[in-house]
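Presented below is the structure to which this report refers.
The values are calculated or read from the model by the stated rules, or taken from the named source; none is laboratory data. Not measured: the values here are computed from a predicted model. Counting neighbours? That spans all protein chains shown, and the Cβs are built from the backbone with ideal geometry, glycine included. Each accessible area value is taken on the protein alone, full model and side chains, heavy atoms only, with ligands, DNA and RNA left out. Shrake-Rupley method; radii C 1.70, N 1.55, O 1.52, S 1.80 Å.
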Amino acid sequence: MIPLEDVRAKVLGRVLRLDVIDVPIREALGLVLAEQVIAPDAVPPFPNTAMDGYAVRAADTAGATEESPVRLRVVGDLPAGHAPTVAVGPGEAIRIMTGAPMPDGADAIVIVELTTRDDDGADGGNGVFVQRESEPGRHVRAAGGDLRAGEIVFEPGTVLRPAHIGVLATVDAQTVRVYRPARVGVLSTGDELVESGPLAPGKIRDSNRPMLLSLLAQAGADPVDLGSAKDDEELMTATLDAAISECDVVLTSGGVSVGDYDYVSAALETIAAADPSGASIVEWYQVAIKPAKPLCIATVRGTPVFGLPGNPVSSMVSFELFARPALLAMMGHADPFRPEVIARVEGGLGRRPDGKVHFDRVRVRLDAGRYVVSGVRNQESNALASSAMAEGFAILPDGDGVPDGGDVTVMLIS
Ligand code: AMP
Ligand code: MG
């Protein structure tokens, strides 16, 4: 058996970053920026009001209280989206709405809640009583308060989340250069697999392919459904050969254990042997982990191939530990790993010493700010229904497990 970290280092050491493409920002969510973005102009572009109220000269409000308010003449009305046409002179105010530009002359906003209208006052004109003193700059958003013109907005390597997309629109970066999503083919293997419908004797429905295609979509890759291949070495070789030409990465599931009908490694070796460059590599490992011990990793004609184990839970664990980090690294992510946290174990996570690190599927919850985990009902590698509930994998080093109330490291997967 080979340690997990050694296999992971091999996998990550071999993958290459994909090329970059320009995409409209609406298609950029989850992708990694491959360029620096600079703000061409200030954000906000002009000084404006943060509140609905009155634009005033702060000095005019000196001494204003609820009992003895100051009366100002209202000389205009300014909604957002309109340029001011009049200035605020001494003793004057302009009714103003959030986002509207500060009119000339005004240096503060009095919020509407601290005013009362007085439209038929002594002078007969429009007026407003201000009930509290203001000071210059009060409730005024400065031009460039968020971004100055010429400022670096995002560095290359930024993973684009929804707020980033909003900022890109603000600075008029309608198209951005990002690392291309990997085209990842998913092939199931096994005579026993059917897609849907009633089951003939010995048959089961293919769960790995829809699961892996979903995991890929979630990782920001471009999943390609390659269907299912029968346990036939020649057929599998032809199918994989085509997939390797067509995709950036290929994932297979099943056919990598030591059974008599496990043809994935053999098929890959045949294809690798025919590579005229001689640079293709196929390796088959027994990784010192449970589940997901068998794994075939290959780089064939430059295309990484992951031969994941067939048992659905093993397939999922293997994807999380090896394929996902490799794909994220290819797509420009500086940190391709899932977050790990320390959690308190509820109910214990038992195991026996066997030279392997165990990845037990656990429910994860927060209790007064602390992570608490409990094992799912069935930890067998075929029991996907139990594992579907898991929000994390508890990482159990070789030994006797963790008792109730003990601490464990948990890799969070959702
Ligand atoms: P194998 O590694 O091909 O011997 O498969 C190990 C176990 O996983 C067997 O019980 C297979 O039936 C099962 N298996 C393989 N591929 C799939 C799949 N795509 N969906 C569900 N179960 C599978
Ligand atoms: Mg099989």
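Annotations for the structure displayed:
- Using C-alpha pairs under 8 Å with a sequence gap of at least 6, the mean separation divided by the residue count of the chain gives a relative contact order of 15 percent.
- Of the residues VAL7, ASN126, LEU235, the one whose Cα sits farthest towards the positive end of the charge dipole of the chain is VAL7 (charges of +1 on Lys and Arg Cβ, -1 on Asp and Glu Cβ, taken about the Cα centre).
- Of all DSSP beta bridges confined to the chain, the antiparallel ones make up roughly 70%.
- Pairwise FRET efficiency - ASP407 versus ASP225, Cβ, R0 = 56 Å, nearest 0.05: 0.85
- Calculated P(r) tail over 27 Å for segment 124-260, as whole % of Cα pairs: 54 percent
- Comparing LEU308, LEU147, LEU328 in a Gaussian network model of the chain (Cα springs below 10 Å), the most mobile by mean-square fluctuation is LEU147.
- Segment 115-221 - percent relative contact order, Cα under 8 Å, separation 6 or more: 14 percent
- DSSP finds beta bridges in segment 75-232, and of those with both partners inside it, around 20 percent are antiparallel.
- Within segment 51-160, all pairs of alpha-carbon atoms sorted by distance into 5 Å bins from zero give the percentages 2, 12, 21, 22, 15, 8, 5, 5, 4, 3, 2, 1, 0.
- Comparing LEU78, SER68, VAL110 along the charge dipole axis of segment 44-125, the residue lying farthest to the positive side is LEU78, per the Cβ-charge model.
- Candidates ALA28, GLY392, ALA173 compared by Cα position along the dipole of the chain: farthest toward the positive end lies GLY392, with charges placed on Cβ.
- Net charge dipole size for segment 136-285 [Lys, Arg +1 and Asp, Glu -1 on Cβ; Debye, nearest 20]: 1380 debye
- Relative contact order (%) - segment 256-414, alpha-carbon pairs under 8 angstrom, separation at least six: 20 percent
- For the chain, the spread of Cα positions along each principal axis, largest first, Å: 101, 54, 43
- Here, segment 28-89 has an Rg and a Dmax of 19.7, 60 Å when only alpha carbons are counted.
- Expected-Rg normalisation [2.2 N^0.38 Å, Cα atoms] applied to segment 280-338: 1.13
- Considering only segment 249-372, percent of DSSP beta bridges that pair antiparallel, nearest 5: 65 percent
- Lysine pair count for the chain (Cα-Cα distance under 18 Å; residues 8 or more apart in sequence or on different chains): 4.
- Summing charges over neighbours of ALA219, with a neighbour being any other residue whose Cβ is under 15 Å away from its Cβ, gives +1 when K and R count +1 and D and E count -1.
- Cβ-placed point charges (K, R +1; D, E -1), dipole of the chain about Cα centre in debye, nearest 20: 600 debye
- The chain: most fluctuating residue of ASP22, ASP222, ASP107 per GNM, C-alpha cutoff 10 Å: ASP107
- Rounded percent of accessible protein surface that carbon and sulfur make up, the chain, 1.4 Å probe: 52 percent
- Translational diffusion of segment 211-285, µm² s⁻¹ [Kirkwood Rh, Cα pairs; Stokes-Einstein; 4 °C; 1.567 mPa s]: 96 µm²/s
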